[in-house]
Amino acid sequence: MAADAGARDDTTRSILLDALIAGSPIDDIADVLRPHHREGSTDPASALMELAADAYVACGSSRTDRLEIGGLAERMLPEDPARGNVFHSKRRHCIQGAIMMAAGAEPEDTGWWSVDDLWRHGLDAVVVFVRAAAERQGIQVEDVCRSLAPPKMLAKSAHQVILSAAVLDSGTSAAKCVQRC
């Protein structure tokens, strides 16, 4: 059972990192990840939160070189602004939760949320921290993604080939390409 969860987490991680490497829009990435979510399940939310925590660590912030969290999501995700207080609060929960996980603390349970969408806000947290890490390190998003990739992804995966092809074909979204393949 634990091996299955690890394989699912690696798959989620690979899909997301491949899509970021390919430059896929966040809505297309969400469309690809959505079928991996089951109502009431922590899949793929737990994998996304773990990846967000790893991406936060890649930012290299410390007590002497702090990462300014205020306005970070707005700066790193201008194409996907938080609309409304609930959306903004959930995104902030995932960003702060990733930081807590990186520090070894468990974030607050989200079982009380009326909409089971932790995975979607976890996706936002990953993108925010991957882009922030690239900016702070002065490297490309692709390089950050490769540093966060599971070992088996370092060899070009099928998802990467599919998503890269989708980006090149301007008439086909990454989500449609993955569904078709």
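All of the numbers you see were taken from the coordinates with simple rules; none came from a lab. Note that the structure is predicted; figures quoted are calculated from it, not measured. As a convention, Cβ positions derive from the backbone with ideal geometry for all residues, glycine included, and neighbour counts pool all protein chains shown.
If packing is taken as the average count of other Cβ atoms within 10 Å, what order do 69-82, 21-34, 135-148, 48-61 fall into, highest mean first?
48-61, 21-34, 135-148, 69-82
Which order, highest average first, do 112-119, 87-94, 126-133 follow once you tally other Cβ atoms within 10 Å for each residue and take the mean per peptide?
Taking the mean over residues of other Cβ atoms within 10 Å, the ranking is 126-133, 87-94, 112-119.
What length, rounded to one decimal in nm, is gained on full extension from Asp143 through to Asp27, with 0.36 nm per residue of separation minus their alpha-carbon distance?
39.6 nm
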